[in-house]
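The values are calculated or read from the model by the stated rules, or taken from the named source; none is laboratory data. Everything numeric in this text was worked out from a predicted model, so none of it was measured. We place every Cβ from the backbone using ideal geometry, glycine too, and count neighbours over all the protein chains shown.
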Amino acid sequence: MKELLELLQRAGHSDFREARGPMGFSQRQAAGKFTAAEATELIEQLQEAEYKRDAGEDAPRPEPVVKLSAAELALRDYPDHLLASELQRRGWIVVEP
């Protein structure tokens, strides 16, 4: 438990209870009660995160790539005024950003 607490503190948490929300701990775990398997897994995760942080690999995650349909891709080529006109024809209210 001592090693686990030290790793949590190096990750920026003061104790188990404070880390409950960010780490997704249960109430039992927030009280510092872990099974041996839970503690081992958490220690490995925290050590890996610490290693990546030290190696400078803690860059923000890129936004997920969104696949567009053929129709959505085709609409990108149309000028704004034509898209706005078509939406107005369909009853939409269109306002310039």
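Tabulated data for the structure shown
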{"quantity": "Residues satisfying the stated conditions in the range 3-17, i.e. surrounded by 15 or more Cβ atoms within 10 Å (Cβ to Cβ) and without any contact (Cβ under 8 Å) to a residue 40 or more places away in the chain", "calculated": "L5, L8, A11, H13, F16"}
{"quantity": "Residue in the range 69-80 that is part of a helix (DSSP H, G or I), modelled with pLDDT of 90 or more and farther than 23 Å from E18 by Cα present", "calculated": "yes"}
{"quantity": "Pair list, Cβ < 6 Å and 6+ apart or interchain, from the range 36-58 residues that are of a type in the set (D, E, K, R) to residues that are assigned to a helix (DSSP H, G or I) and modelled with pLDDT under 90", "calculated": "D58/K52"}
{"quantity": "Residues (touching a Phe, Trp or Tyr at 6+ places or on another chain (Cβ under 9 Å) and under 21 Å from R53 (Cα atoms)) located in the range 17-39", "calculated": "A19, M23"}
{"quantity": "Criterion: touching a Lys or Arg at 6+ places or on another chain (Cβ under 7 Å), at pLDDT 80 or above and within 19 Å of E6 (Cβ to Cβ) - qualifying residue of E50, E44", "calculated": "E50"}
{"quantity": "Residue match in the range 20-35 (condition: among the hydrophobic types (A, V, I, L, M, F, W, C), touching a Lys or Arg at 6+ places or on another chain (Cβ under 7 Å) and at pLDDT 90 or above)", "calculated": "yes"}
